[in-house]
1. Quick one: which of Y168, Y220, Y178 is of a type in the set (S, T, Y) and buried (at least 16 other Cβ atoms within 10 Å of the Cβ)?
2. Yes or no: R141 closer than 24 Å to Y36 by Cα and surrounded by 14 or more Cβ atoms within 10 Å (Cβ to Cβ)?
3. A184 versus (1) under 15 Å from the mean Cα position of the chain (by Cα); (2) closer than 30 Å to H43 by Cα; (3) not β-branched (V, I, T): which is the lone unmet condition?
4. Name every residue in segment 130-180 that is more than 18 Å from the chain's Cα centre (by Cα), part of a helix (DSSP H, G or I) and either within 21 Å of A17 (Cβ to Cβ) or not hydrophobic (A, V, I, L, M, F, W, C) (or both), in order of residue number.
5. I'm checking my understanding of the structure. Among residues of segment 37-63 that are surrounded by fewer than 18 Cβ atoms within 10 Å (Cβ to Cβ) and in a helix (DSSP H, G or I), which one is nearest to the chain's Cα centre (by Cα)?
6. Can you pull out every residue in segment 220-242 that is touching a residue at least 40 places away in the same chain (Cβ under 8 Å), closer than 30 Å to V46 by Cα and over 19 Å from the mean Cα position of the chain (by Cα)?
7. Output the residues belonging to segment 127-138 that are of a type outside the set (D, E) and surrounded by fewer than 16 Cβ atoms within 10 Å (Cβ to Cβ).
8. Would you please name the residue that is surrounded by the fewest Cβ atoms within 10 Å (Cβ to Cβ), looking only at residues in segment 181-215 that are outside any helix (DSSP H, G or I) and hydrophobic (A, V, I, L, M, F, W, C)?
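The values are calculated or read from the model by the stated rules, or taken from the named source; none is laboratory data. Bear in mind the structure is a predicted one, so any value in this text is a computation, not a measurement. Quick reminder, even Gly has a Cβ in these numbers, built from the backbone with ideal geometry, and neighbours come from all protein chains shown.
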Amino acid sequence: MLWYKAWRESRARFAIAAAIIAAMCLVYTLFHAQLYPGIAQAHPGVRNYTQYIHWTIFGGATRGILQLSCLLLGLGGLHRDRKQNTLGFTLALPVGRFSLVLSRAAVGTLQVLALSALPLAFVTLGSTAAGQHLPLDYAIRFFPLWAAGGVFTFAISFVASVLFSSEYVALATSYLAYIFYLAATRHPAFSRFHLHVADFMSGVFPHYLDRSTKLWTGAYDLAPIAGFLAAAIALVAFSGFVTSRQDA
């Protein structure tokens, strides 16, 4: 019941995000012959198809759409129920408020995982249809990065949806906080800790992709993946703590 309620609340946003990400993957692969010259001119480091795919999908605009989608998926919760006059029904369910938070977080996490998996299919299929070879292994290795980074991004707006009664305020606050966080992690004092989630999702951490070739290196460090997932869990737990103490 709780999972279905959370799904109905966010299914439209999820469907739109999935359609956009899938479409971008297909456009960038099927029409690479037309788009490649412009990308290569804008990014002198792009000299082959793999680098082109990284700049457009795994480390470019498509990754950015995923991040924005994750922020949108985090909205909702009891404040939305209050505005829709369904708060009494929700609170009357034989479950605690923490369970309500966990069910919404679980559904959101599954949606983020599904969005993160889309390029595995569409980039591979689109590349094959366009006569280009992109090893499936290349795309698969991005999945844990997109999933962990996406869940962390989702958790930021999830907290905002608990703290602010207006969804517009929650979205604006989470977006500004996210931008500030990305800018702050670029500061020399923090850059050595590799906390920039966009760089992480793009695979440009020192132990993931070679920065020039955009090919995977031999090492695949699991510590950053675990770190972003742990941060997401902490944010969701904080949201549950706050929700359990809010006035109805």
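1. Result of the check over Y168, Y220, Y178: Y178.
2. yes
3. (1)
4. Correct list: D137, Y138, E167, Y168.
5. A61
6. Listed by number, the list holds a single entry, Y220.
7. Answer for segment 127-138, where residues must be of a type outside the set (D, E) and surrounded by fewer than 16 Cβ atoms within 10 Å (Cβ to Cβ): T128, A129, G131, H133, P135, L136.
8. Kept after step one, since they are outside any helix (DSSP H, G or I), are these residues of segment 181-215: 185-187, 192-196, 203-215.
Restricting the remaining residues to those that are hydrophobic (A, V, I, L, M, F, W, C) gives 193, 195, 204-205, 209, 215.
Values: F193: 10, L195: 18, V204: 17, F205: 18, L209: 22, L215: 13.
The selected residue is F193.
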